[in-house]
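What follows is a short report on a single structure.
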Amino acid sequence: MEVILRVAAFLLKCLGFILTPLLGVFNPYKKVQIPHHKNELLNIPVVELAQKIRKKEVTSEQVVSAYIERIKEVNPFVNAVVEDRFEAALEDARRADRLVESTSEFLLVTNYPILGIPFTVKESCSLKGMSYSVGSVHRKGMKATEDGETVALLKSAGGIPLLVSNTPEFCTSWESSNLVTGRTLNPYDTRHSSGGSSGGEGALVGSGASLFGIGSDIAGSIRVPALFNGIFGHKPTGGLLSVINHFPYSMDECFSNYLVVGPMCRYAKDLPTLLHIMAGKKADKLRLNEPLYTKDIKIFYKTAAGFSLVDIPVQSEIKIAIRNAAEHFRNNGLDVKRAPIGSMQELIECGLAQFFTMQDIPLILRDVENPKKVHNVYLEMLKCSVGQSDYSFAGLFFSALYETHGLILKRNIPKYAQRLEKYRQQFLDMLGDDGVFFYPTYPTTAVRHNDSHLKLSGVSYTMIFNLFGFPSTHVPLGQDRNGLPVGFQIVAAPYHDRLCLCIAAEIEAAFGGWKPPYETK
């Protein structure tokens, strides 16, 4: 245990008890109802909509137009769009419709499985010709010169990108707010955060303005926004999907295993198709086309990391959701039991020690053109507090953590690395080839704006599975007393992503999955 880290976390937790209620009272944002949508095309999953386009029951131009209209309707409420390509997308849709007219259905489904389907892209994932500032004042106006590899794969499969969506500066926060685009709001309650760093995607998909989107995740950045916005989000097996052209990026060999890109969507049935396309030549490793029966999957669950003076208590509705899902599968004959894993509190130290030993991580204060130029992160934080800095508080705070190795003493880092590997082996032994693990994605539902800074220990619930390289799918399961989405993550051993997706589809069928923001309690 790291005394300095634990004391700092405890003080932050105490500060949270004081400030969190005040954030509710003095919140500058008002709760605004997201408009209902009236176009039934927006309610059809990817796999079904692509079939309708191939069968000429609907045109891609009609679908793309419907989503553009919905984005224009919703974005004034959530502020999720960085830059759009609507006119180019409509032209892409017309080309897709011409292809449908001239090509057999067999060839279409074989070569273009999502022909004519619109999607959205997290700005950091690189969409050629679109904004690539990633929330940085010093990158403002920068455009992506190439598509990210997963973006390219989806386009090759017939998908049509509509826009790039908002992130925090350099993707360094669980709240999507920066000094370039501003703050993205939660469609279920605009007084709350949409999450980060894929918060723009989360808000668009959750509000029905995007059918699916590409997000990225290095410590929960797909799964936390998926929780906050009531949608499905899958973090694939580490190293499976290409992160080429993603920004930030590092040459550290661990980085491409910890950072993953993955799909965010409203319907669980779409996840296997999207993941298969995004995995490219590595898709065969996932065996997504092989038969899989729910009854053959073992389920382990744990509703909290364990008691600690520094941990944020897991909200009761999240614990209930995990238990309800576990009970559903038990009643259907599956092998369901509590995970034989003790307290996971020490994983905070293990995770931070491993994460902050990575080299060559892009930091907002590093001047690539003038490496010798020195910025004082603490001076910039002081300037930021009075609105005189070009950098966001979240980005500066991350830089300060990196400089201090996450408040972990250097001499203890090897010890925590060994313990991390021990934990990983425990999970591998438990999960095997046929097990999944139910666990909170984050201790609470969507936080008030700026409140995530007071709940930093929540990072341990998701980051640990990035470090393990395990796949993890967030599933929505109802709402809390305030109408905010509830859910949890399903974790499996490496390359067993299909187990997560299978259980996610069953949970969607049993409990209803995504609920529109205007259907809150």
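The values are calculated or read from the model by the stated rules, or taken from the named source; none is laboratory data. Just so it is clear, the model here is predicted, and its values are computed rather than measured. Positions of Cβ are generated from backbone atoms using ideal geometry, with glycine treated the same way; all protein chains shown enter the neighbour counts.
Below is a table of values for the structure above.
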read-out	value
Members of the range 332-352 that are without any contact (Cβ under 8 Å) to a residue 60 or more places away in the chain, of a type in the set (D, E, K, R) and assigned to a loop (DSSP other than H, G, I, E, B)	335
Cross-chain or 6+ apart pairs with Cβ under 6 Å, the range 361-385 first and farther than 19 Å from residue 250 by Cβ, then among the hydroxyl-bearing types (Ser, Thr, Tyr) and at pLDDT 70 or above	380/389; 380/391; 383/389
Matching residues in the range 151-175 - criterion: being touching a strand residue (DSSP E or B) at 6+ places or on another chain (Cβ under 8 Å) and in a loop (DSSP other than H, G, I, E, B)	159, 166, 167, 168, 174, 175
Residue list for the range 281-331, filter: more than 21 Å from residue 16 (Cα to Cα), of a type in the set (D, E, K, R) and in a helix (DSSP H, G or I)	281, 282, 284, 285, 295, 296, 319, 323, 327, 330
Any chance residue 498 is under 19 Å from the mean Cα position of the chain (by Cα) and either of a type outside the set (Phe, Trp, Tyr) or under 25 Å from residue 208 (Cβ atoms) (or both)	yes
Residues being farther than 22 Å from residue 289 by Cβ, assigned to a loop (DSSP other than H, G, I, E, B) and among the hydrophobic types (A, V, I, L, M, F, W, C) - total across the range 226-275	7
Matching residues, the range 242-291, being among the polar types (S, T, N, Q), crowded, with 16+ Cβ neighbours inside 10 Å and free of Cβ contacts under 8 Å to residues at least 24 places away in the same chain	256
Residue within the range 77-95 that is assigned to a helix (DSSP H, G or I), aliphatic (A, V, I, L, M) and under 14 Å from residue 166 (Cα atoms) present	yes
Qualifying residue in the range 292-302 (condition: surrounded by 20 or more Cβ atoms within 10 Å (Cβ to Cβ), in contact with a Leu (Cβ under 7 Å, 6 or more places away or on another chain), at negative phi and in contact (Cβ under 8 Å) with a residue 24 or more places away in the chain)	yes
Residue list for the range 400-434, restricted to those being touching a residue at least 12 places away in the same chain (Cβ under 8 Å), surrounded by fewer than 18 Cβ atoms within 10 Å (Cβ to Cβ) and farther than 28 Å from residue 360 by Cβ	426, 428, 430, 432, 433, 434
Lone unmet requirement of (1) in a loop (DSSP other than H, G, I, E, B); (2) touching a residue at least 40 places away in the same chain (Cβ under 8 Å); (3) out of contact with any Pro (no Cβ under 6 Å at 6 or more places or on another chain) for residue 197	(3)
Candidate set from the range 113-150 (those that are among the basic types (Lys, Arg) and part of a loop (DSSP other than H, G, I, E, B)); member that is surrounded by the most Cβ atoms within 10 Å (Cβ to Cβ)	128
Criterion violated by residue 138 - all others in (1) touching a strand residue (DSSP E or B) at 6+ places or on another chain (Cβ under 9 Å); (2) modelled with pLDDT under 95 satisfied	(1)
Tally of residues being assigned to a strand (DSSP E or B) and under 8 Å from the mean Cα position of the chain (by Cα) across the range 211-225	3
Whichever residue in the range 455-491 is modelled with pLDDT under 95 and small (Gly, Ala, Ser) and, among such residues, is nearest to residue 445 (Cα to Cα)	458
